[in-house]
Every structure is written in structure tokens, then in C-alpha cells.
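The numbers here are math on the coordinates, done by the rules we state, and not lab data. Treat the numbers as computed from the prediction; the structure is a model and nothing was measured. Don't worry about glycine lacking a Cβ; one is built from the backbone with ideal geometry, like all the others, and counts go over all protein chains shown.
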Amino acid sequence: MLDTLYPWIKALHIMAVISWMAGLFYLPRLFVYHVERGTSPEMVETFKVMEHKLLRVIMNPAMIVAWVTGLTMAAMPWVLDLGAIWPYSKFIGLIGMTWFHIWCAKRRRIFEADGNSLTGRQYRMMNEVPTVMMVIIVISVVVKI
């Protein structure tokens, strides 16, 4: 039964990861605009709504689906080679990606309370974190060292 469901679970996993990554790339960019262009109360409120909806409607569900489908596939005995390095490097990348998601959620709450203290440049630099995690994960899964 699991072998017939595996391609569907994997497809759902890939779609969830793409959606999650899109949000992880876009939310810090919204933070940059919020800091640099949020000059009027109307713009600030617009950014707050955009950030909230991106996190709650797209990123959180996508992260949950990515984790659930990933763990489901990991539980299938033929998927992981625990004697190889790649499952562990992928897991480290995944933990980094999840940490970044949580960091973004905390920063969004700080913006919501009008308490941001970081600059647009700092958010631009943090925007590179998901790229590094993605590189680690993709190389781990594709090259399978």
C-alpha cells in the first residue's frame, strides 16, 4: 500500500516545499519594504496584513505539510539509507530552514507591535539563510553522499 502512495506523498511534499520556500524568500523581502517604504500609517498597515497572511495562510500550512509528508516518507524503510551522510545533512538543513521560519514569525510579531529595530540591510542579509539551507538540502537529496 505505501509503495503505491509513495509517489503521491512525494509529489505533495515537493509542492509543499516549493510553497514554503517561496514564503521564506518573500517574507524577509516584505520586511525590507516594510522598513524602507513604510512611511505612512496606511502603508505600515498594508505591510502588516501582507506579512500576516503570507505567514498564516501560505507558509505555516506549507511547512506543516512538508514536515508531515517528509516524515511519512522517512518512515518508509526503502527511502532512507541511515548509513549514508545525506539524511543527516538534509536534516540539519531542514532544522535551519525551520529555525528561519520561526525567526521570521517572531520578526513579524515584532513588526505587528511596531517594535522593529533591524534595518533593511539586515533583513536582506537574513534573506540569504533559506538559500543556504536549500543548497544543503538539495545537494544532500540529489547527490546522496
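Numbers below:
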| quantity | calculated |
| --- | --- |
| Inter-residue pairs, beta-carbon under 9 Å, first farther than 21 Å from residue 64 by Cβ and in segment 99-120, second of a type in the set (Asp, Glu), 6+ apart | 111/51; 112/51; 119/36; 120/36 |
| Condition met for residue 88 (surrounded by fewer than 16 Cβ atoms within 10 Å (Cβ to Cβ) and of a type in the set (Phe, Trp, Tyr)) | yes |
| Checklist (1) surrounded by 14 or more Cβ atoms within 10 Å (Cβ to Cβ); (2) under 24 Å from residue 122 (Cα atoms) applied to residue 13, failing item | (2) |
| Subset of segment 17-54 (residues that are surrounded by 15 or more Cβ atoms within 10 Å (Cβ to Cβ) and either of a type in the set (Ser, Thr, Tyr) or outside any helix (DSSP H, G or I) (or both)) | 19, 26, 33, 38, 46 |
| Residue check for residue 57: loosely packed, with under 14 Cβ neighbours inside 10 Å and either within 14 Å of the chain's Cα centre (by Cα) or in contact (Cβ under 8 Å) with a residue 60 or more places away in the chain (or both) | yes |
| Residue within segment 71-84 that is in contact (Cβ under 8 Å) with a residue 24 or more places away in the chain, out of contact with any strand residue (DSSP E or B) (no Cβ under 6 Å at 6 or more places or on another chain), part of a helix (DSSP H, G or I) and closer than 20 Å to residue 123 by Cα present | no |
